[in-house]
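The values are calculated or read from the model by the stated rules, or taken from the named source; none is laboratory data. Owing to the predicted nature of the structure, the values given are computational and were not obtained by experimental measurement. Neighbour counts run over all protein chains shown; Cβ positions are idealised from the backbone, glycine included. For the accessible areas, the whole protein counts, side chains as well, though only heavy atoms, and no ligand, DNA or RNA atoms are used. Shrake-Rupley method; radii C 1.70, N 1.55, O 1.52, S 1.80 Å.
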Amino acid sequence: METLLSILIGFMIIGALYALHAKDLLSALIAQGIVGYGLVICFLNLRAPDLAIVQIVVETITLVVMVAVVLNSSRKEVKESWNRNKILNIVTSVIIVGFLVYIFAFMIQPLQPFGDHSMRMAQYYTQMGAESTGAANLVTGVLFDFRGYDTLGEATILFTAALGVVTILRSKPKKESAS
Amino acid sequence: MNGMTQIVKKVTQLMSGLIFMYGLYIITHGHLTPGGGFAGGAIVAGGFILLILAFGSKVISLRKEETQTSITESAALLIVILLALAGLFLGVHVFFNNYLPQGQVGELISAGVIPIYNIFIGMEVAAALLTIFLALVIYKEEVAS
């Protein structure tokens, strides 16, 4: 399973790199779709169908909105004059990547190997989840019973996002009721 | 906003009912099969977005619809909070307490308040995604005109 995941993640990295460098914005979007749908197959292979359903639907809606944005504006990337000092750019990126890899290698040492994590809290959930919540789907039982605050926070995040979009995208001010 | 061609409209007519039914199935069976409020709400919102994109609509009716979706979204989130708050006064007095009888594991009507939470979270997610989409469409129409 790890080899399949590695191949999928390699494809996703290639897609993301192509999306960064594509001249045509529509093909950049399609390459970005590789990332999203590859993530769906990763979730299915890791046995998380709940997440896979959410990811595939949200990815499709996002792709539709982004394609509409690209078709209504220009398909060419707007050229900007970048800083031409290439040596400085490369040195800065290498230093930052090396720093991140060092921190990452330092941080993953106390972790267990992949698929062999410790089960102190999860053991109770998997054994007693169906009895104490009454839900046959353990994920929903955890989301709405043990971790109710989590779900409330997620719903609040969506609410805030909608509120922000509606507030920002108002082109005309509201008419005053007095006049 | 203009609609699309006759082929797209016909396929949308045939498919949208199935999409809505699948979304409602995912929401109501959230405590039995994979899925739940978030997934089902996103599917229902996708069905509405498909209808709006295929058939097109006028700005005035879109704005009316946006008002209704934002009201639905706020009301659904408020009902979720009130349901959670009811746990403070029933049973063992804990926020997000599961105070209804749990029933047989695997039945459709079981798991106490979890299906009710699922339904209202699904309404909230569908209305929120639809509000975002409608706000973008209305902004585009107003700027273009």
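Taking a ≥ b ≥ c as the square roots of the eigenvalues of the Cα gyration tensor of the range B:6-144, is the shape rounded (a/c under 1.5), prolate (a/b larger than b/c) or oblate?
oblate
For the range B:54-145, what does the relative contact order come out to in percent, with C-alpha contacts under 8 Å and a separation of six or more?
It rounds to 34 percent for the range B:54-145.
Keeping all protein chains in place and using 1.4 angstrom, which order do B:100, A:20, A:88, A:5 fall into by accessible surface area, from largest down?
The ordering from most to least exposed comes out as A:20, A:88, B:100, A:5.
Cross-link partners among aspartates and glutamates for residue A:23, C-alpha distance below 16 Å, same-chain residues fewer than 8 apart left out?
A:77, A:80
Ranked from the most accessible area to the least, with a 1.4 Å probe and all protein chains present, what is the order of B:123, A:1?
A:1, B:123
At a 1.4 Å probe radius, carbon and sulfur cover how many percent of the accessible area of the protein assembly as shown?
70 percent
Connecting C-alpha atoms closer than 10 Å in a GNM of chain B, tell me which of B:81, B:27, B:60 has the biggest fluctuation.
Comparing B:81, B:27, B:60 in a Gaussian network model of chain B, the most mobile one is B:60.
What is the distance in Å between the Cα centroid of the range A:11-74 and that of the range B:12-47?
Between the Cα centre of the range A:11-74 and that of the range B:12-47, the gap is 21 Å.
Pick from B:134, B:32, B:90: which residue has the top mean-square fluctuation in a GNM of chain B where Cα pairs under 10 Å get a spring?
B:90
Can you work out the accessible area per residue across the range B:6-144, with the rest of the protein chains kept in place, probe 1.4 Å, in square angstrom?
Values: 6700 Å² over 139 residues.
Value for the range B:6-144: 48 Å² per residue.
To the nearest 100 Å², how much accessible surface do chains B and A cover up together, summed over both, with a 1.4 Å probe? The partial results should precede the final answer.
Numbers: alone 8880 and 15020 Å², together 20470 Å².
Using a 1.4 Å probe on protein heavy atoms, the buried area is about 3400 Å².
Using a probe radius of 1.4 Å on heavy atoms only, what accessible surface per residue do you get for the range A:107-152? Whole Å² is fine.
Normalised by residue count, the accessible surface of the range A:107-152 is 68 Å².
Are there any chymotrypsin sites (Phe, Trp or Tyr not before Pro) in the range A:1-98 that are in a DSSP loop and have at most 11 other Cβ atoms within 10 Å? List them by number. Let's see the in-between values first.
On the way: sites: A:11, A:18, A:37, A:43, A:82; in loops: A:82.
Listed in order of number, the matching sites are A:82.
Which aspartates and glutamates, if any, have their Cα less than 14 Å from the Cα of residue A:76, not counting same-chain residues under 8 positions apart?
Excluding near neighbours in sequence, the set is A:24.
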